[in-house]
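Asker: Shown below is the structure under consideration.
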Amino acid sequence: MRELTMSDVQAVFQHFSDATVTQFMDIEPCVSLTEAEEIIQFHIADSGCRYGLFLKLNHELVGTCGFHCWDQGQPSKAEIGFDLSASYWGQGLMHEALTEVVKIGFDLMKVDYIEATVEQENARSIRLLEKMHFYKHDELVDKLLYYTLTKREAARTILIKKEQVNVMDSPNITLRRITKENELSCIALKPREDQLSLVATNADSLVHAVKEVTSIPHGIYADDLMVGFVLFDNEVYSDGYYWILRLMIDEKYQGQGYGRSAIKQLINQLKDRTDCRQIRVSHVPHNTVANRLYKRCGFQETGEFEDNGDIILSYSFEVNGHGD
């Protein structure tokens, strides 16, 4: 496996002139060496890297794989892509190659997560991504299936450097105040498209926090990566109730236990306040995911409702004790 250069133009032409190779790609089969040159030039100029897969026996080019669209912002990410000659399907070659490419992404490029988009009919690529523990999101991106891979999930099957991720261990979940330094990262966090009606945007929540100075906005961090947002009360109430006003986990990091860990962190922050008898939260009646999450953390339905019909749940320190 090595990066493609212009000296590979003949091999690239032969490879990409095969319609079975380009079937699920956004290019047509090559019909000239000029088009092969353009493919190589595109990947040389791109922010990522593209590697040719060459057989050790005869140095034949049988496929390519690598990254494109490398975004070095916060969080950093890169999109993975790959193709393989039909003659070598089912032999494990691409799994072996992608294992090395994923290591490069996390160890050398130091991305926070890797993403991939796949045609819904591309069953082979779908099986490969899921075998490597890529997470499939519910929403489509430009009518394509959208997958992401985090360092934590990659560590289940791929040995990446331990300073990049605690292999097989849960990340350290902390709540950190939102400041000017991390405000844009907070605003960039988004729920899934089908969840947009269930929670206010983080930008709106930060405006609320400015107007209601007793509402404290925090980023939910997995190690040093912001994965979510929580807004909660921080003032003395005569009834002893503190409210969680907002809670969200970014779409890329859902299903990994971060929401539950964040709620436990919040409970631990409030447990020593002598005036705090209950932590309360409300959600729209059809948000069954939120209902299950809070109940798993010790919240119970109060039988009360907000004026808009939202269900109110509470975590009582008298019932649950004062934390772990």
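Asker: Can you put Val141, Val101, Val213 in order of accessible area, largest first, using a 1.4 Å probe?
Answerer: So the residues, ranked largest to smallest area, are Val213, Val141, Val101.
Asker: With viscosity set to 1.306 mPa s at 10 °C, what whole-number translational diffusion coefficient in µm²/s follows for region 1-139 from Stokes-Einstein and a Kirkwood radius over Cα pairs?
Answerer: 102
Asker: In Å and whole numbers, how far do the C-alpha atoms of region 239-282 stretch along each principal axis, longest first?
Answerer: 37, 19, 9
Asker: Another question about this same structure. Could you compute the net charge surrounding Leu4? Neighbours are other residues with a C-beta less than 13 Å from the C-beta of Leu4; K and R count +1, D and E count -1.
Answerer: -4
Asker: Moving on. Over the Cα atoms of the chain, what radius of gyration and what Dmax do you get, in Å?
Answerer: 24.1, 79
Asker: So for the chain, taking the charge dipole from beta-carbon charges (+1 Lys/Arg, -1 Asp/Glu), which of Gln278, Tyr51, Val12 sits furthest toward the positive end?
Answerer: Gln278
Asker: Sorted by accessible area (1.4 Å probe), largest first, how do His137, His286 line up?
Answerer: His286, His137
Asker: A follow-up question, please. Rounded to the nearest percent, how much of the accessible area of the chain (1.4 Å probe, protein heavy atoms only) is carbon and sulfur?
Answerer: Its accessible area is 49 percent carbon and sulfur atoms.
Asker: Over the C-alpha atoms of region 207-302, what are the Rg and the largest Cα-to-Cα span, Dmax, in Å?
Answerer: Taking only Cα atoms of region 207-302, I get Rg and Dmax of 13.4, 39 Å.
Asker: I want to verify a result. In a Gaussian network model of the chain, Cα cutoff 10 Å, which of these has the top mean-square fluctuation: Gln91, Gln265, Gln278?
Answerer: It is Gln91.
Asker: Taking the alpha-carbon distance from Lys77 and a cut-off under 30 Å, which lysines remain once sequence neighbours fewer than 8 residues away in the same chain are dropped?
Answerer: Lys77 reaches Lys103, Lys110, Lys131, Lys136, Lys143, Lys151, Lys161, Lys162, Lys180, Lys190, Lys252, Lys264.
Asker: OK, next. Give, to the nearest whole percent, the P(r) tail of region 49-116 beyond 15 angstrom, counting all Cα pairs.
Answerer: 52
Asker: Also, I was wondering about something else. Give me the orientation-averaged projected area of the Cα convex hull of region 176-216, in nm², one decimal.
Answerer: Its Cα hull, projected and averaged over all orientations, spans 3.2 nm².
Asker: For the chain, what is the mean residue ellipticity at 222 nm derived from helices alone (per DSSP H run of n ≥ 4: -39500 (n - 2.57); sum divided by total residues; nearest 500 deg cm²/dmol)?
Answerer: -7500 deg cm²/dmol
Asker: In addition: Extending each Cα 7 Å along its Cβ direction at Glu304 and Glu130, get the distance between those two points in nm, one decimal.
Answerer: 4.5
Asker: When the label point is put 7 Å from the Cα of Leu108 along its Cα-to-beta-carbon vector, which residues of region 50-83 have a backbone N closer than 11 Å?
Answerer: 50-51, 67
Asker: Obtain the nm distance between the two label points defined at Ala188 and Ile27 by a simple spin-label model: each point lies 7 Å from its Cα along the Cα-to-C-beta direction.
Answerer: The two pseudo-label positions are separated by 2.9 nm.
Asker: Looking only at region 74-90, which residues have a backbone nitrogen under 15 Å from a spot 7 Å from the Cα of Asn122 in the C-beta direction?
Answerer: What the label zone holds, given the 15 Å backbone N cut-off, is 79-86.
Asker: What does the convex hull of the Cα atoms of region 263-324 come to per residue, in Å³, rounded to a whole number?
Answerer: Spread over its residues, the Cα hull of region 263-324 gives 82 Å³ apiece.
The values are calculated or read from the model by the stated rules, or taken from the named source; none is laboratory data. For clarity, every value in this text was computed on a predicted model and none was experimentally measured. As a convention, Cβ positions derive from the backbone with ideal geometry for all residues, glycine included, and neighbour counts pool all protein chains shown. Protein only, heavy atoms only, side chains kept; ligands, DNA and RNA dropped before computing areas. Shrake-Rupley method; radii C 1.70, N 1.55, O 1.52, S 1.80 Å.
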